[in-house]
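So the structure is just underneath, and the comments pick up after that.
The values are calculated or read from the model by the stated rules, or taken from the named source; none is laboratory data. Computed from a predicted model, the values in this text were never measured in an experiment. Counting neighbours? That spans all protein chains shown, and the Cβs are built from the backbone with ideal geometry, glycine included.
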Amino acid sequence: MPQVALAVLAVLGITAYLGLCAAFLWFVVWPFAGWLVLVGVVLGALGALVVLLSAPFAADTDLLTADDVDGPWFPPAPPGHGRDRAWPHYLAGQARVDVGAMARRGRGALGALWSPLGGLLNPRAWLALWPLGIAGFLLLLAVTAGAVVTGVAVLALVVTGLALAALVWGAAGRLLRTVDALLRRRNRAAARCPYCFWRTTLPGYACACGLVHHDVRPSRLGVLVHRCRCGRPMPTTVSRAGRDHAPRCPQCDEVLEDGSGVWTDVSIPVLGPVSAGKTSLIYAGLEALRRQAVAGGGTLEPRREADAERFREGVEQVRAGRVAKTEAAAPVGLVCTVTQGRRRALLHTFDAAGELFSTRSATEDLRFLDEAGQMIVVVDPFSIPEVADEVLRGPADEAEAAPAVDPPEVAYEATVPRLRDFGARLDRTDLAVVVVKADLLVDHPIAADLRPDPLAVRRWLCDHGQDQLVVAAERDFAAVGYFLVSSHTGWEPEDRHTALAPLRWLAERGRLPLPPARTALTVGAVGEPA
Amino acid sequence: MSPPPAHVRAFRAALVVLVLLVVLVALWQAPWDGIVAALDPWVDGLRRQVYL
């Protein structure tokens, strides 16, 4: 009997308990369920907004710094110097980090919201409080629903906004980069290092902290400015960076001439054997070019004081007819600034001892030949055997003519294979073939039909055993001009055999800003493509 | 960890302002009359349940 009584009591107790729970659910939970859902959804939405929008500012959100530009957030750095140590643009990397942080913190907040439920899973507590737990569960569900919907909407909005901004930003960067490149290409702008002779269209620029930025074009590091690791801004595009930052050689890191990379850059190496008259031609041509530039209201000045001194001495030696032998140790570069109106340019001429053009191996280290858009090959007529036999009749004649030690084609044949081996685009290079020492030659019968006219010079060369040189030059180079020059008398632009002619022809083809030609001599070219 | 530089802070602030602006505009432009009309029966039902 006691067992029966106990069973009855238990059934009564359970029934009472279930009745109380049902009453609680019916009279307390159910009437407020709708309100709970409403309040939960609003709370969830507000909470999601706060959690997501505060995520980027959280202390534990990763920050991509200038040292992370080679990290996994960016594509592999370009070869060479790699990516500059500058702060990456927000849209290039940090935006993705921040979106990731928002999603992560959102998930974390939801997890934290549901974690107290674990305590309620205790069977005894659940048994006692399940009606109340249902209310809490309902509230949590509502909060979660509000938070998830709001969170997804906010993330979608943020991702869409950032993607659109990145598209616009990328397009603006590409446009700016293209405009800068086109402007510089139109001006034939480049930078030639006077130390290692490396030529580039993209010089580096040093920040005030000393760090050299090797690629200042608009990129993932910024469209309008790159922010150096030290925090200082570096203007993007070569044109803007060149205004107030010193250009640096990307190869040897030496400081380049001001304007390098921004101004028109014309490099004219002069090839020829020993004693051909290369140095005389350079100084006489530069002096004639300077006179014409000044007469036209422009300038032509050596960049450095040492160059100016060398230029003055060289011109004096040419006028006096006693030019010193060029040292075989190292090629000599002379950099001049040429201005005409608002246009400015750098003109590099390179003079190397003739010994360096005697064999293919000797030309190996002549880096100034690389990427020179224009070249001069000096032809000493007295080194042509046929001419020498007829004109040089004794030691006095030889002393006066000082003929080159090798025939004209030797320097050409030693240099052109080297240029090809080093990948020079000869099909984009102009060549001036200059017959020098005209003042000593034109009075001899062998030069009776030689006039300072391109066709006449070309024909004369072909008629006197230089047809192979002519054919090779016209085959190898984009355009070939023929000139008859006297460096001894040709430092005046008006001279019949002015040394200005080949230099001006090449300079004009290199877009060097020059005044209109004043000389009566019309400088033309043979072998130019139609 | 070093504090984020000014340009990062500025972009993040712009992001927050953009989202808040969109939320405000969404709330401002939402068809509240329709929403209230749609919820009215449900709210009435809630009221009746509470005052039952």
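Just a few scattered comments:
- Criterion violated by A:LYS278 - all others in (1) of a type in the set (Lys, Arg); (2) over 25 Å from A:THR429 (Cα atoms); (3) in contact with a Ser or Thr (Cβ under 8 Å, 6 or more places away or on another chain) satisfied: (2)
- Yes/no for A:VAL238 being crowded, with 20+ Cβ neighbours inside 10 Å, of a type in the set (A, V, I, L, M, F, W, C), closer than 30 Å to A:ALA66 by Cβ and outside the structural domain of A:PHE483 (by TED's automatic domain parsing): yes
Quick grid of which residues meet (1) touching an Asp or Glu at 6+ places or on another chain (Cβ under 6 Å); (2) modelled with pLDDT under 90:
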site	(1), (2)
A:ALA448	no, yes
A:ASP453	no, yes
A:ARG458	no, no
A:LEU469	yes, no
A:GLU494	no, yes
A:TRP505	no, no
A:PRO513	no, yes
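- Evaluation of B:MET1 against (1) of a type outside the set (Asp, Glu); (2) under 30 Å from A:CYS228 (Cβ atoms); (3) assigned to a helix (DSSP H, G or I); (4) modelled with pLDDT under 90 (one fails), failing number: (3)
- Selection over region A:53-70 of residues that are under 26 Å from A:GLY106 (Cα atoms) and surrounded by fewer than 16 Cβ atoms within 10 Å (Cβ to Cβ) gives a count of 6.
- Here A:PRO76 fulfils each of the conditions (1) at pLDDT below 90; (2) more than 49 Å from the chain's Cα centre (by Cα); (3) not basic (Lys, Arg) apart from (2).
- Some residue of region A:17-31 being at pLDDT below 90, hydroxyl-bearing (Ser, Thr, Tyr) and part of a helix (DSSP H, G or I): yes
- Test: residue in region A:381-394 that is assigned to a helix (DSSP H, G or I) and closer than 26 Å to A:ALA478 by Cα: yes
- A:LEU18 meets the conditions (1) under 27 Å from A:PHE137 (Cα atoms); (2) among the aliphatic types (A, V, I, L, M); (3) within 9 Å of another protein chain (Cβ to nearest Cβ) in every case but one. The failed one is (3).
- A:ALA396 meets each of the listed conditions (1) of a type in the set (A, V, I, L, M); (2) more than 23 Å from A:ALA284 (Cα to Cα); (3) touching a residue at least 24 places away in the same chain (Cβ under 8 Å) apart from (3).
- Of all residues in region A:257-298, those satisfying the criterion of being in a helix (DSSP H, G or I) and surrounded by fewer than 22 Cβ atoms within 10 Å (Cβ to Cβ) are A:ARG291, A:VAL294, A:ALA295.
- Inside region A:1-38, residues that are of a type in the set (Val, Ile, Thr) and surrounded by fewer than 12 Cβ atoms within 10 Å (Cβ to Cβ) make up a count of 5.
- Taken together, A:ALA293, A:ALA388, A:ALA308, A:ALA401 contain a single residue that is over 28 Å from A:GLU494 (Cβ atoms) and aliphatic (A, V, I, L, M), which is A:ALA388.
- Residue match in region A:99-117 (condition: over 30 Å from A:GLY133 (Cα atoms), within 14 Å of another protein chain (Cβ to nearest Cβ) and either charged (D, E, K, R) or not in a helix (DSSP H, G or I) (or both)): no
- Residue check, A:VAL148 at pLDDT below 95, more than 14 Å from chain B (Cβ to nearest Cβ) and surrounded by 15 or more Cβ atoms within 10 Å (Cβ to Cβ): no
- Scan of region A:151-165 for residues that are surrounded by fewer than 17 Cβ atoms within 10 Å (Cβ to Cβ) and in contact (Cβ under 8 Å) with a residue 40 or more places away in the chain, ordered by number: A:VAL159
- Looking only at residues in region B:11-43 that are at pLDDT below 90 and surrounded by 13 or more Cβ atoms within 10 Å (Cβ to Cβ), the one that is farthest from A:TRP35 (Cα to Cα) is B:LEU39.
- Among the candidates A:VAL433, A:VAL442, A:VAL410, the residue that is in contact with a Pro (Cβ under 7 Å, 6 or more places away or on another chain) and either aromatic (Phe, Trp, Tyr) or assigned by TED's automatic domain parsing to the domain that holds A:GLN292 (or both) is uniquely A:VAL410.
- Of all residue pairs spaced 6 or more apart or on separate chains, none has beta-carbon atoms under 9 Å together with a first member in region A:77-96 that is facing another protein chain (nearest Cβ under 8 Å) and surrounded by fewer than 21 Cβ atoms within 10 Å (Cβ to Cβ) and a second member that is part of a strand (DSSP E or B) and at pLDDT below 90.
- Condition met for A:ALA478 (over 22 Å from A:SER361 (Cβ atoms), touching a Lys or Arg at 6+ places or on another chain (Cβ under 8 Å) and touching a residue at least 12 places away in the same chain (Cβ under 8 Å)): yes
- Scope region A:39-52; condition surrounded by fewer than 20 Cβ atoms within 10 Å (Cβ to Cβ) and either within 11 Å of chain B (Cβ to nearest Cβ) or charged (D, E, K, R) (or both); matching residues: A:LEU46, A:LEU49, A:VAL50
- Scanning region A:325-363 for residues being farther than 24 Å from A:ALA507 by Cα, part of a loop (DSSP other than H, G, I, E, B), in contact (Cβ under 8 Å) with a residue 40 or more places away in the chain and of a type in the set (A, V, I, L, M) gives a total of 0.
- Filtering region A:241-274 to residues that are within 22 Å of A:ALA66 (Cα to Cα) and charged (D, E, K, R) leaves A:ARG248, A:ASP253.
- Filter result for A:GLU398 (of a type in the set (Asp, Glu), at pLDDT 80 or above and over 31 Å from the mean Cα position of the chain (by Cα)): no
- Of the criteria (1) closer than 17 Å to A:SER487 by Cβ; (2) within 41 Å of the chain's Cα centre (by Cα); (3) surrounded by fewer than 20 Cβ atoms within 10 Å (Cβ to Cβ), which one A:ALA432 fails: (3)
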